Amino acid sequence: MSENGRLSGPNLLAAIRANGPALTNAEIEKAVSKEGQAQGVDYAGFVQIMGLLQSNNKNDKASVDEAFKVFDKDDDGFIQGSELRHILTSLGEKLQQEEVDEMFREAGITNNDMMDYKKFTDMLFSQQ
């Protein structure tokens, strides 16, 4: 936080990531630009941004489940851990290997495991 009690730039993005839903940088930047980032945002502005991000993210869990279903070859609710790693590091907003390693550790997944992707998305969205 700056001396004037406002968050801006990397500090604002870090605060949003620490307190908000799993969003892309583009989604965060769009919400922040609506509030105005030139002088940073005060607490009230931060609360408004978080409210906007939360309301925009209500249906994302269903969207993530649908996206995983595309990779569910047997239509049984499971995908291979190695395939999930490939998806997360290769498609969309790509995650770093270290980020995927941390997710896998938290979820108890290895590359060889068959993973229940609905339980995985439940875990991801429960951290919000």
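Every read-out reported here was derived from the displayed coordinates using simple, explicitly stated rules and does not represent laboratory data. Please read all numbers here as calculations on a predicted model, not as lab measurements. A quick note on method: Cβ atoms are made from the backbone with ideal geometry, for glycine too, and the neighbour counts reach across all protein chains shown.
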May I ask you to list the aspartates and glutamates whose Cα is less than 19 Å away from that of K119, ignoring any residue fewer than eight positions away on the same chain? D60, D65, E66, D72, D74, D75, D76, E83, E99, D101, E102, E106
Counting other C-beta atoms within 10 Å, and keeping those with at most 12, which DSSP coil GluC sites (Glu not before Pro) do you find in the stretch 60-111? E93
Amide proton proximity set for M115, modelled H, under 5 Å, gap of 5+: I79, Q80, G81
Flagged links, alpha-carbon separation over 24 Å, of K73/K94; K94/K118; K30/K118; K73/K118: K30/K118
